[in-house]
1. Modelling each spin label as a point 7 Å along the Cα-to-Cβ direction, I'd like the ASP3/MET246 distance in nm, to one decimal.
2. Where the Cα atoms of the range 129-205 are projected onto their three principal axes, how long is each span, largest first, in whole Å?
3. Compute the length gained on full extension between TYR144 and ALA276: take 0.36 nm times their separation in residues and subtract their Cα-Cα distance, giving the result in nm to one decimal.
4. Relative to the longest principal axis of the chain, what angle (0 to 90°, nearest 10) does the C-alpha long axis of helix 106-129 take?
5. Among DSSP beta bridges whose residues both lie in the range 50-209, state the antiparallel percentage, nearest 5.
6. How much of the accessible area of the range 44-129, in percent, comes from carbon and sulfur atoms when a 1.4 Å probe is used?
7. Set the Förster distance to 45 Å, then compute FRET efficiency between LEU253 and ARG345 from the Cβ-Cβ distance, nearest 0.05.
8. Okay, which of the range 30-72 sit inside 18 Å, backbone N to the point 7 Å along the Cα-Cβ direction of ARG23?
Amino acid sequence: MADRHAELLSGLGFSQGLWIEGRYRAGGAETIQVANPATGAAIAQAQLAGEADFRLALDGAHQAFGRWRSEPNAARGEVLKRAAALMAARRQELAELLTREQGKPISQALAEVDYAASFFQWFGEEARRLSGRLQPHPQRGREYRVRPVPVGVAGLVTPWNFPLAQGAKKVAAALAAGCTAVWKPSEFTPLVALVMGPLLKAAGLPDGVLQILPARGPVAGAAFTSDPRVRCISLTGSTNTGRALMEGAARHLQRVSFELGGNAPFIILPDANLDAVAADLVTLKLLCAGQVCVTANRVFVPAALEEPLLKRLLPLWHALRVGDGLAEGTVVGPLIHAQARGRVRGLVRQALDAGAELVSENRCHEGNPALAAGSFFPPTILGGVRDEMPIAREEIFGPVMALLSYGDVPEAVRRANSTPFGLAGYVYGRDLSLANAVADELEVGIVGVNEWRPLRAEIPFGGVKYSGLGREGGEEGIREFCDMKVVATPTPSLGGL
Ligand code: NAD
């Protein structure tokens with residue numbers, strides 16, 4: 001097993017160090033052991049960057065900025081599209097590394113590699129379309145040239161749940177815009193980020209344009225917010241981390257772009273097709289073992305439909321295979337670490353103490369000695385959850401389906417919106433005019449109507465309220481890394497000719 005980790009990593013060009021100016025350099029404030037969350041087995045060691053490493057990386061990114069920004073947009077785009085092609089070619093190895101490091105089932109890891117590559121492809125294409133405009137001037141013989149220019153060096157911070165895709169969204173958009181960047185992946189999933197260094201180099205990315213430095217969060221936060229050369233900080237993470245970075249960014253007035261936590265409502269309307277609801281809900285809820293910012297955190301069910309819904313959910317729930325993501329047929333992997341499991345356990349316990357009902361648990365992984373050291377939590381369905389319970393107020397971030405019953409549709413909408421978060425929402429119903437009216441009322445950035453995964457590279461994604469600022473993907477994603485520059489100038493003319 002240890003040999004397979006080593007084989008995978010060396011096949012992907014990895015060697016110890018931080019990715020700075022186009023190569024792995026020794027450094028690091030500390031060395032950590034990266035473990036497989038399904039088995040607890042060590043995969044590899046990784047170095048975490050300290051203050052001096054960030055200074056070096058930011059120097060490199062600053063120096064590379066002038067050259068990279070003056071590359072033709074199409075040339076920058078070509079590098080990104082080649083990176084997408086290389087990811088497709090290395091799909092299997094990247095996915096296997098992702099499963100070993102993050103724990104998600106291999107089928108989901110393969111889908112994440114494809115999703116990540118789609119951002120390199122999309123922003124590779126968008127780079128060519130990044131255009132400005134000529135604006136009429138009130139004076140004769142003059143005009144305004146309005147065009148997007150890259151903001152400068154970007155600091156990118158990503159979490160561990162979709163370590164490749166969250167990184168790809170930011171890296172591809174920043175580089176397409178003409179920014180250079182320092183990417184700080186999560187300390188829990190450093191490897192799959194670090195192997196992107198050689199891959200991007202092979203795609204033709206010049207040295208220094210992107211540095212990859214796994215680190216403790218506050219070390220990266222201090223490095224980015226204390227350096228005035230960093231002009232944009234883009235984070236995907238928790239709302240509290242967003243707050244900390246925003247406070248720090250005030251000092252040098254750095255632009256911030258945040259994808260933060262959610263508390264997505266999933267509203268089942270009285271006329272919904274319950275077979276489709278059950279199938280989609282189980283898939284959505286158990287993606288990445290529930291550790292997804294857009295997952296269904298609160299499932300609103302009309303009181304009269306609770307029994308028929310459970311009748312459909314339970315067989316699907318009991319059929320789920322929980323285990324090592326590399327094992328054939330696994331649908332639910334472990335949580336990222338034991339601390340995450342303890343947190344989910346606490347939320348469930350509090351809910352049960354407050355009167356929620358334990359409807360179902362799937363403990364099929366128990367008794368397998370190979371998984372004894374893994375951080376598994378049994379997929380659980382809770383009925384009778386009420387709005388005031390912590391499990392309905394916080395992100396569960398685990399494989400727990402919380403069912404809340406409601407009386408009428410306006411009540412469901414009011415309760416769905418009674419949260420400071422506003423990332424995603426879901427509405428399932430046959431009457432599309434009602435379903436769309438409900439979707440329009442939800443205070444969120446993205447809604448799936450009879451659709452459990454409305455996210456794509458070509459669609460802007462982001463939250464409202466405490467769930468974030470700015471957008472990733474779509475035409476909008478690249479603009480997060482651009483300023484609009486205006487030149488007021490005489491209109492070219494033939495002069496005296
Ligand atoms: P987290 O905020 O603890 O960590 C996210 C990243 O921020 C990590 O790389 C971490 O090291 C870093 N970090 C932590 N403190 C920092 C600081 N002071 N300065 C700079 N960086 C810091 O979140 P997490 O627990 O790793 O991830 C789960 C959270 O991310 C959940 O709240 C989830 O909803 C959110 N998330 C949001 C989206 C989205 O697109 N909206 C996607 C995935 C995850």
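1. That separation, rounded to one decimal, is 5.3 nm.
2. Computed over the Cα atoms, the extents are 60, 25, 18 Å.
3. Details: separation 132, 0.36 × 132 = 47.52 nm, distance 5.35 nm.
Taking TYR144 through ALA276 to full extension adds about 42.2 nm, to one decimal.
4. Tilt relative to the chain: about 30 degrees.
5. Numbers: 4 of 9 bridges.
Antiparallel bridges make up about 45 percent of those DSSP assigns within the range 50-209.
6. Details: 1670 of 3310 Å².
Carbon-and-sulfur percentage of accessible area, whole number: 50.
7. Details: r = 42 Å, r/R0 = 0.94.
In this case the efficiency is close to 0.60.
8. Counting only backbone N, you get 53, 56-61, 64.
The values are calculated or read from the model by the stated rules, or taken from the named source; none is laboratory data. Only a predicted model underlies this, so the values are computations on that prediction, with no experimental measurement involved. Neighbour counts run over all protein chains shown; Cβ positions are idealised from the backbone, glycine included. When the accessible area is computed, the model is the full protein with side chains, heavy atoms only, and any ligands, DNA or RNA have been set aside. Shrake-Rupley method; radii C 1.70, N 1.55, O 1.52, S 1.80 Å.
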